[in-house]
Amino acid sequence: MRRAAWGFLAGAALVLSACGDEKTPDGDKGPGVGEDGPLYLVHSAVETNGSRTNYFSLVDSLDQARTLDYSKSLELPGRPRLYSAKGVGFFAIGSGEAPTITRYEVRDGAFVAGTSMSFQQLGVKRLGAQAVHFISPTKAYYKDDAQAQIIVWNPAEMRVVKTIELPKEFIKQGYSTGLSQWASRDGEAFFAVGWSTTVFDAVLPGAILVRIDTATDEVTWQEESRCRDLGKTARIGDTLYFFSGVINGLGYAVKGTENAGQQDCILRISAGQKRFDADYVGSVAPALGEKKVGTVIAVTDDGMAWLQVADTTITPTAPGTTYREWYYKGWSWWRVPLATLRDPVRVQGEPGAYSAFTITSGSNFFISQSGSDYALSTLVELSTDTPKPGIAFPGFVLDVARIR
């Protein structure tokens, strides 16, 4: 393992602006939003003639069948990003038009906008999805794939503390750099680095595991040759898992060459360890059998891995298949115990398009189902034998976060 060079932000002029106004139609609490118990923030959007309106709505249950009332939602234009973590007491929204993040709080069921800050002076041109990891109410990380840096910032004061430079070789010319979801446990945070073609039809072999000591901000990394395209992560107890992604599956199924993709791949960091276990490489392929390519999308708290599976007798795999064609049809949902990776069970329903949006809550697992015109979308819970519809909303869902 090697240690990263430090890059401190010294003397940079921070771009800070106080918003101050309350972004809520009235002070009434939304339906079902109490003072105690779980509280979720649903980010959905409606597009009309190429213009997008975003809605951030508070709900205390995802599986209660009802339609959201946008009159009590926070309404924003453009393509914003939601950054949140349970227990920090607030959430943040990144602008879709500039690298600006605004802090929000929920007071008496109303959204209250606070201070904003910008990463523009650090070279950030766009804000990434799921790029923020909250360490505490006063410390957060932002991983910047384009600049190969980690920005350490204080969400309470909305100011940049410093930057951590990552090796420039993490960025490969001619390829798109991908950073996995965060995976964390007490005192440390991890993510993986991988590379795909710019048309997203193949991935390069190998990956890099990055570890951050969250007390000292010391960064180390490990090169990994066994797997690639590690995008999704999960934590079971103090064991962390990393799963290969759907682009890897496309490269494997369509191109079938070593430089394009491989059979799906799972790596693990056991409790107390700082790198991938040398004696563990998992895969769902043996359990699924021939003519199927699986990708682990999420893991629920009961240790159940949820997969999107392509049936290659339906999903296009001819030479030259694009990622849009690969996503289009032949996909179904399956579940399998992560501990054994045996005896997978397929969820009821006809094969359809690939959809990476999911939300887990305890042992519950939700996907989004929409009509072709996105007039209405519904979160559907799949953990039981019969899929159960939950909350519905006009438009389509972009994110769901538990903020309490």
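The values are calculated or read from the model by the stated rules, or taken from the named source; none is laboratory data. All values derive from a computational prediction rather than experimental measurement. A quick note on method: Cβ atoms are made from the backbone with ideal geometry, for glycine too, and the neighbour counts reach across all protein chains shown. Areas reflect the complete protein model, heavy atoms only, side chains present, ligands, DNA and RNA absent. Shrake-Rupley method; radii C 1.70, N 1.55, O 1.52, S 1.80 Å.
For residue 313, indicate whether it is among the hydroxyl-bearing types (Ser, Thr, Tyr) and part of a strand (DSSP E or B). Criteria not met by residue 313.
Of these, 135, 101, which one is touching a strand residue (DSSP E or B) at 6+ places or on another chain (Cβ under 6 Å), of a type in the set (A, V, I, L, M), farther than 30 Å from residue 380 by Cα and crowded, with 19+ Cβ neighbours inside 10 Å? Can you show your working first?
On the way: 135 fails: touching a strand residue (DSSP E or B) at 6+ places or on another chain (Cβ under 6 Å).
Sole residue among the options that is touching a strand residue (DSSP E or B) at 6+ places or on another chain (Cβ under 6 Å), of a type in the set (A, V, I, L, M), farther than 30 Å from residue 380 by Cα and crowded, with 19+ Cβ neighbours inside 10 Å: 101.
If only residues of the range 124-135 that are at pLDDT below 95 and of a type outside the set (A, V, I, L, M, F, W, C) are counted, the one that is nearest to residue 42 (Cα to Cα) is 130. Any idea which residue in the range 191-205 is nearest to the chain's Cα centre (by Cα), counting only those that are among the hydrophobic types (A, V, I, L, M, F, W, C) and assigned to a loop (DSSP other than H, G, I, E, B)? In this case the residue turns out to be 200.
Residues of the range 104-132 that are closer than 16 Å to residue 152 by Cα, touching a Phe, Trp or Tyr at 6+ places or on another chain (Cβ under 6 Å) and surrounded by fewer than 16 Cβ atoms within 10 Å (Cβ to Cβ): none at all. Restrict the check to the range 49-66 and report whether at least one residue is over 27 Å from residue 381 (Cα atoms), open to solvent by less than 50 Å² (accessible area, probe 1.4 Å) and not in a strand (DSSP E or B). So far as the range 49-66 goes, no, none of its residues is over 27 Å from residue 381 (Cα atoms), open to solvent by less than 50 Å² (accessible area, probe 1.4 Å) and not in a strand (DSSP E or B). The number of residues in the range 318-377 being of a type in the set (Lys, Arg) and either touching a helix residue (DSSP H, G or I) at 6+ places or on another chain (Cβ under 7 Å) or part of a loop (DSSP other than H, G, I, E, B) (or both) comes to 2.
Residue check: residue 314 meets all listed conditions (1) at positive phi; (2) touching a residue at least 24 places away in the same chain (Cβ under 8 Å); (3) open to solvent by 50 Å² or more (accessible area, probe 1.4 Å) but one, namely (1). Listed conditions (1) at pLDDT 95 or above; (2) farther than 29 Å from residue 185 by Cα; (3) assigned to a strand (DSSP E or B); (4) not charged (D, E, K, R) are all met by residue 93, apart from (2).
Kindly indicate the residue of the range 219-239 that is under 16 Å from residue 270 (Cβ atoms) and small (Gly, Ala, Ser) and also least open to solvent (accessible area, probe 1.4 Å) among those meeting that condition. For the range 219-239, the residue satisfying everything is 234. In this structure, does residue 217 turn out to be of a type outside the set (Lys, Arg) and touching a helix residue (DSSP H, G or I) at 6+ places or on another chain (Cβ under 8 Å)? In short, no.
Tallying residues that are in contact with a strand residue (DSSP E or B) (Cβ under 8 Å, 6 or more places away or on another chain), open to solvent by 50 Å² or more (accessible area, probe 1.4 Å) and without any contact (Cβ under 8 Å) to a residue 24 or more places away in the chain within the range 320-345 yields 1. Residue 169: modelled with pLDDT of 95 or more and not polar (S, T, N, Q), yes or no? Answer is no for this residue.
Looking only at the range 277-293, residues that are touching a residue at least 12 places away in the same chain (Cβ under 8 Å), surrounded by fewer than 23 Cβ atoms within 10 Å (Cβ to Cβ) and under 22 Å from residue 207 (Cα atoms) come to 5 in all. Does the range 167-184 contain at least one residue that is crowded, with 21+ Cβ neighbours inside 10 Å, touching a residue at least 12 places away in the same chain (Cβ under 8 Å), more than 29 Å from residue 52 (Cα to Cα) and within 17 Å of the chain's Cα centre (by Cα)? Yes, the range 167-184 contains at least one residue that is crowded, with 21+ Cβ neighbours inside 10 Å, touching a residue at least 12 places away in the same chain (Cβ under 8 Å), more than 29 Å from residue 52 (Cα to Cα) and within 17 Å of the chain's Cα centre (by Cα).
Would you say residue 307 is out of contact with any Lys or Arg (no Cβ under 9 Å at 6 or more places or on another chain) and either open to solvent by less than 40 Å² (accessible area, probe 1.4 Å) or closer than 30 Å to residue 404 by Cβ (or both)? Spelling it out, it is not the case that residue 307 is out of contact with any Lys or Arg (no Cβ under 9 Å at 6 or more places or on another chain) and either open to solvent by less than 40 Å² (accessible area, probe 1.4 Å) or closer than 30 Å to residue 404 by Cβ (or both).
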